[in-house]
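J.: The structure that follows is given in the form of structure tokens.
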Amino acid sequence: MSNHLFDAIRTAAPGKAPFIRTKDGRTWTYNDTLTLSSRIAGAMQTLGIHPGDRVAVQVEKSAEALILYLACLRSGAVYLPFNMAYTLAELEYFIGDAEPRLVVVSSAARENVEKIAKPHYVIVETLDADGSGSLLDLARDEPANFVDASRSADDLAAILYTSGTTGRSKGAMLTQANLLSNAIMLRDYWRVTAEDRLIHALPIFHTHGLFVATNVTLLAGASMFLLPKFDPDEVISLMPLATMLMGVPTFYVRLLQSPRLDSQAVANMRLFVSGSAPLLAETHVEFENRTGHAILERYGMTETNMNTSNPYDGDRIAGTVGFPLPGVTVRVTDPGTGAILFPEETGMIEIKGPNVFKGYWRAPERTAAEFTADGFFTSGDLGKIDRRGYVHIVGRSKDLVISGGYNIYPKEVEGEIDQLEGVAESAVIGVPHPIFGEGVTAIVVPKPESALDEEAILSALKHRLARYKQPKRIIFAEDLPRNTMGKVQKNVLRKQYADLYVRA
Ligand code: MCA
Ligand code: AMP
């Protein structure tokens, strides 16, 4: 029996060497990780979880949470991680759609989650930030030699929900082969070895922190400093003990705000990686001037893992996302005709390769709509490939805001605002923000005689939307600019409010 992804992780695991170190001074060796993941997989089996069952997880970042992900791989369960910021209403939708067999949440959330899980016959167990909870209690007496479930390359390893420009969030189905092929490629491309020590300050419910950071570390037999969240001071203090950092552009903007960041502080560091959102060329240049390190920017998506990367040895060019990764084909097409464009011409970025997902969970029509007839995934990103082969992302055809590396789909926020009494209509846009890259901003047209103000709208959204999706500012307007087809011209609004946060 073989387990496509976990067998590779097990083979790379260097026994007594450390895998995770946490802030409180604890260390999990690879052997400890194998033992605990075995016990948790055993507990899940005892609970009746079978290969192919979904296991939804909404817990604080911890070593045990990462090991729970490994336990899911071992038991053949499909891992479904959720952002801690999601509200109960958001979680309820995901549970209804994914139909997990088990949901793991914090003890504080258990009672409420049980209420929404009950109609779906879902088991609820807990895991807290300190590693305690009912799931680990169940795992304690399970054996350390769990027999891993058989999983082939095409079996699902995880489903990650990504919001859609139309309709509700959709689950991107990622196979064992999607994850393994991408992690091996990145490990080799970025020269990650067992000597590396990664500063892991990203959340572990998205591709960046879960697959890029964690799978690459595991397949190199390397180790990580697992931080509960990003804190620039803490990250700088760890640099003399570490060799790598992976982050979203906001990390680098915030690090540059610290006078402690200099060439001395980074003397032991080998590699700084950025992704999930555009890194401003000025941030790249300022970071290199201050530290001597050229940040390596790469480009990925939940549906595709990583597609391109600046080179390890060659020029890491600011404002570009580098070359297609080995085995990945990237092309640029005319969004109107689908014709393949020449270098330097801007169009739709399309992707094909072993990294590209299997489709959206229980949504074959939505899957079909995102692929071309010859099997390329349509990214929704607009870009070009220059004469040297570097890919540039110049914009998005999808209506999406990226704030601090988190995606926000305006339609979801507009839907919530439009339901409020006194609102005629709204348009949600992203405008440049000095820390988050883009700031979520709502332009609201009130109904005549409505007494709505900014505070009333923001407080109404509080329990309806995750915090990072809530607008940073609400602006009232008499009407929205529209084109001759009646479509709201968001580009006009983005231009009009371009310096809203720069001024603030
Ligand atoms: C926090 N706040 C935010 C965000 N994060 N507002 C907008 N956008 C955000 N992303 C708000 C909080 O609500 C709070 O507001 C205030 O900022 C400070 O909160 P705090 O928790 O202290 O912030 P933080 O911990 O410093 O968080 C900022 C962060 C974090 C470190 C940038 O958002 C983060 O870790 N982002 C990474 C996201 C990520 O992993 N993306 C990868 C997706 P108030 O005080 O008003 O309540 S994977 C992906 O995109 C693809 C596949 C790829 O290519 O990687
Ligand atoms: P997600 O849906 O969270 O997977 O976000 C994927 C999107 O993030 C991509 O389609 C891009 O729009 C954006 N993205 C990721 N990496 C980069 C990058 N290096 N530069 C610009 N945009 C990026």
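J.: For the range 424-434, just list the computed ³J(HN,Hα) in residue order, Karplus coefficients 6.51, -1.76 and 1.60, θ = phi - 60°, integers in Hz, with x standing in for Gly and Pro.
T.: My calculation for the range 424-434 gives 7, 6, 8, 9, 10, 9, x, 10, x, 10, x Hz in order.
J.: Evaluate the distance, in nm, between pseudo-label points positioned 7 Å from the Cα of ASP334 and of SER150 along their respective Cα→Cβ axes.
T.: Distance between label points: 5.1 nm.
J.: Output the relative contact order of the range 122-267, whole-number percent, from Cα pairs under 8 angstrom with separation of 6+ residues. Mind showing how you got there, number by number?
T.: Working: 169 pairs, mean separation 24.6, N = 146.
Here the relative contact order equals 17 percent.
J.: Would you mind telling me the antiparallel percentage of the DSSP bridges in the chain, rounded to 5? All intermediate terms of the calculation are to be shown ahead of the outcome.
T.: Details: 48 of 81 bridges.
In the chain, DSSP labels about 60 percent of beta bridges as antiparallel.
J.: Per residue of the range 292-300, in order, report the coupling 6.51 cos²θ - 1.76 cosθ + 1.60 (Karplus, θ = phi - 60°) as ³J(HN,Hα) in whole Hz, putting x for Gly and Pro.
T.: Calculated HN-Hα couplings, in order: x, 9, 8, 4, 8, 9, 10, 10, x Hz.
J.: Placing +1 on the Cβ of each Lys and Arg and -1 on the Cβ of each Asp and Glu in the range 382-504, which of GLY415, PRO434, ALA460 has its Cα farthest towards the positive end of the resulting dipole?
T.: Towards the positive end, the residue furthest out is PRO434.
J.: Run the dipole for the range 70-209 about the Cα centre, Lys and Arg Cβ at +1, Asp and Glu Cβ at -1, nothing else charged, and hand back the magnitude in debye, nearest 20.
T.: The calculated dipole for the range 70-209 is roughly 320 debye.
J.: Nothing charged except the Cβ atoms of Lys and Arg (+1) and of Asp and Glu (-1): what's the magnitude of the dipole of the range 424-504 about its Cα centre? Round to the nearest 20 debye. Don't jump to the answer; show the numbers that get you there.
T.: Numbers: 13 positive and 9 negative charges, 83 e Å.
Here the range 424-504 has a charge dipole of around 400 debye.
J.: Tell me, in nm to one decimal, what length is gained between SER397 and ARG191 on full extension, where the rule is 0.36 nm per residue of separation less the Cα-Cα distance? List each step's numbers first, then the result.
T.: On the way: separation 206, 0.36 × 206 = 74.16 nm, distance 3.38 nm.
Once the chain is fully extended between SER397 and ARG191, it gains 70.8 nm.
J.: Rank-order 7-14, 183-190 by packing density, defined as the average count of other C-beta atoms within 10 Å over each peptide's residues, highest first. Mind showing how you got there, number by number?
T.: Details: 7-14: 16.6, 183-190: 21.0.
Highest mean packing first, the order is 183-190, 7-14.
J.: A follow-up question, please. Give the aspartates and glutamates reachable from LYS118 as a straight Cα distance under 18 Å; neighbours fewer than 8 places away on the same chain don't count.
T.: Qualifying aspartates and glutamates at Cα under 18 Å: ASP53, GLU90, GLU92, ASP97, GLU99.
J.: Give me, ordered by chain and number, the residues 5 or more places off ASP381 or on other chains with an amide H under 5 Å from its own placed amide H.
T.: Under 5 Å from the amide H of ASP381 lie the amide H atoms of ILE349, SER397, each far enough along the sequence or on another chain.
J.: What number, in percent, do you get for the relative contact order of the chain if the mean sequence gap of Cα pairs under 8 Å and at least 6 apart is divided by its residue count?
T.: On the way: 1070 pairs, mean separation 55.8, N = 504.
Relative contact order here is 11 percent.
J.: Could I ask something else about it? For the charge dipole of the range 53-193, defined by +1 on Lys and Arg C-beta atoms and -1 on Asp and Glu C-beta atoms about the Cα centroid, which residue among ALA85, ASN112, TRP190 has the Cα displaced farthest towards the positive pole?
T.: Farthest towards the positive end: TRP190.
J.: Provide MET44, MET306, MET301 in ascending order of the number of other Cβ atoms located within 10 Å of each residue's Cβ, fewest first. Numbers along the way, then the final one.
T.: Working: MET44 30, MET306 25, MET301 22.
With the sparsest Cβ surroundings first, the list reads MET301, MET306, MET44.
J.: Holding the Cα-Cα limit at 31 Å, pick out from LYS170/LYS462; LYS61/LYS495; LYS358/LYS384 the pairs that are longer than that.
T.: Where the Cα-Cα span goes over 31 Å, the pairs concerned are LYS61/LYS495.
J.: Got a sec? How would ARG396, ARG366, ARG191 order by Cβ neighbour count within 10 Å, fewest to most? If you can, show how the numbers build up before the last one.
T.: Values: ARG396 18, ARG366 15, ARG191 12.
Fewest to most other Cβ atoms nearby, the residues stand as ARG191, ARG366, ARG396.
J.: Compute the Cα gyration tensor for the range 414-504, then decide on rounded, prolate or oblate, letting a ≥ b ≥ c be the square roots of its eigenvalues: rounded whenever a/c is under 1.5, prolate when a/b is larger than b/c in the other cases, and oblate in all that remain. Walk me through the numbers before you get to the answer.
T.: Working: a/c = 1.70, a/b = 1.06, b/c = 1.60.
Oblate.
J.: In nm, to one decimal, how far is the modelled label at ARG140 from the one at SER263, with both set 7 Å along Cα→Cβ?
T.: 5.5 nm
J.: Sticking with this structure for a sec: Cross-link candidates for LYS16: which aspartates and glutamates have Cα within less than 15 Å, leaving aside residues fewer than 8 places away along the same chain?
T.: ASP32, GLU195
J.: Would you work out which of VAL55, GLY96, ALA17 lies farthest towards the positive end of the dipole of the chain, given +1 charges on the beta-carbon of Lys and Arg and -1 on that of Asp and Glu, about the Cα centre?
T.: Going by the Cα projections, it comes out as ALA17.
J.: Add -39500 (n - 2.57) for each DSSP H run of 4 or more in the chain, then divide by its residues: what number comes out at 222 nm, to the nearest 500 deg cm²/dmol? Before the final figure, lay out the partial values.
T.: Values: 16 runs with 147 residues, N = 504.
Calculated at 222 nm, the ellipticity per residue is -8500 deg cm²/dmol.
J.: So how much slack lies between ALA129 and HIS293, counting 0.36 nm per residue of separation and subtracting their Cα-Cα distance, in nm?
T.: 55.7 nm
J.: For VAL502 paired with GLU111, estimate the spin-label separation in nm (one decimal), with each label point 7 Å from Cα along the Cα-to-Cβ line.
T.: Placing both labels 7 Å beyond Cα along the Cβ direction yields 5.0 nm.
J.: Quick one: what are the phi-derived ³J(HN,Hα) couplings along the range 29-40, Karplus 6.51/-1.76/1.60 with θ = phi - 60°, whole Hz, x for glycine and proline?
T.: 6, 4, 4, 4, 5, 5, 5, 5, 5, 5, 5, 5
J.: With +1 on the Cβ of every Lys and Arg and -1 on the Cβ of every Asp and Glu, and nothing else charged, how large is the dipole of the range 1-76 about its Cα centre, in debye rounded to the nearest 20? Don't skip to the end; give the middle numbers.
T.: Values: 9 positive and 6 negative charges, 35 e Å.
Here the range 1-76 has a charge dipole of around 160 debye.
J.: Amide H to amide H, which residues 5 or more places from VAL124 or on other chains are under 5 Å from it, using H placed in the peptide plane?
T.: Answer set, sorted by chain and number: VAL103.
J.: Once a ≥ b ≥ c are taken as the square roots of the eigenvalues of the Cα gyration tensor of the range 14-143, is the result rounded (a/c under 1.5), prolate (a/b larger than b/c) or oblate (a/b not larger than b/c)? Don't jump to the answer; show the numbers that get you there.
T.: Values: a/c = 2.06, a/b = 1.52, b/c = 1.35.
Taking the square roots of the gyration eigenvalues as a ≥ b ≥ c, the range 14-143 is prolate.
J.: Here's another thing I want to ask about it. Sort LYS490, LYS115 by Cβ crowding within 10 Å, fewest neighbours at the top. Working shown, then result.
T.: Numbers: LYS490 17, LYS115 12.
Ordered by Cβ neighbours within 10 Å, fewest first: LYS115, LYS490.
J.: Here's something else I'd like to know. For the range 152-217, just say rounded, prolate or oblate: build the C-alpha gyration tensor, square-root its eigenvalues into a ≥ b ≥ c, call rounded for a/c under 1.5, and beyond that prolate if a/b exceeds b/c, oblate if not.
T.: Cα axes put the range 152-217 in the oblate bin.
J.: Out of all DSSP beta bridges in the range 145-244, what portion is antiparallel? Express it as a percent rounded to 5.
T.: Values: 6 of 11 bridges.
The antiparallel proportion sits near 55 percent.
J.: OK, next. Given R₀ = 35 Å, FRET efficiency for GLU282-THR87 by Cβ-Cβ distance, to 0.05? Please list the in-between numbers first.
T.: On the way: r = 36 Å, r/R0 = 1.02.
Between GLU282 and THR87 the formula returns 0.50.
None of the figures in this text is laboratory data; all of them are computed from the coordinates on show. Small disclaimer: the values here were computed from a predicted structure and weren't measured. Please note: Cβ atoms are built from the backbone with ideal geometry, for glycine as well, and neighbour counts cover all protein chains shown.
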